[in-house]
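Data first, discussion second: the structure below is written as structure tokens.
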Amino acid sequence: MPRSTLFRQRLLTLFLIALLLLFSPLALRPESWEDWLGLPPLFLYLYGVWAGVIALAAWIAIRGRD
């Protein structure tokens with residue numbers, strides 16, 4: 001399989017996983033969750049997932065260009 005195809009497949013997979021992770025907590029009831037360190041858990045979750053997606057995209061980009 002050509003490297004560019006594998007690179008595109010990895011990025012598409014990351015995009016679909018990110019969609020699932022970012023939109024699934026919106027169906028839950030975050031108002032019933034308790035604050036953690038004074039911050040709402042939904043914000044912590046969303047920013048954590050966002051940072052993870054950016055880190056994985058960077059890792060895929062670096063690894064895909066070798």
TODO: Go through segment 5-16 and give me each residue that's under 19 Å from R63 (Cα atoms) and free of Cβ contacts under 8 Å to residues at least 12 places away in the same chain.
DONE: T5, R8, Q9, L12, T13, F15
Task: Output for segment 44-66, where each listed residue is touching a helix residue (DSSP H, G or I) at 6+ places or on another chain (Cβ under 7 Å) and not small (G, A, S) - done: Y45, L46, V49, V53, L56, I60
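Here, each number is a calculation from the coordinates, and none is a lab measurement. This one's a predicted model, so the numbers in the text were calculated from it and none came from an experiment. Backbone-built Cβ (ideal geometry, glycine too); neighbour counts: all protein chains shown.
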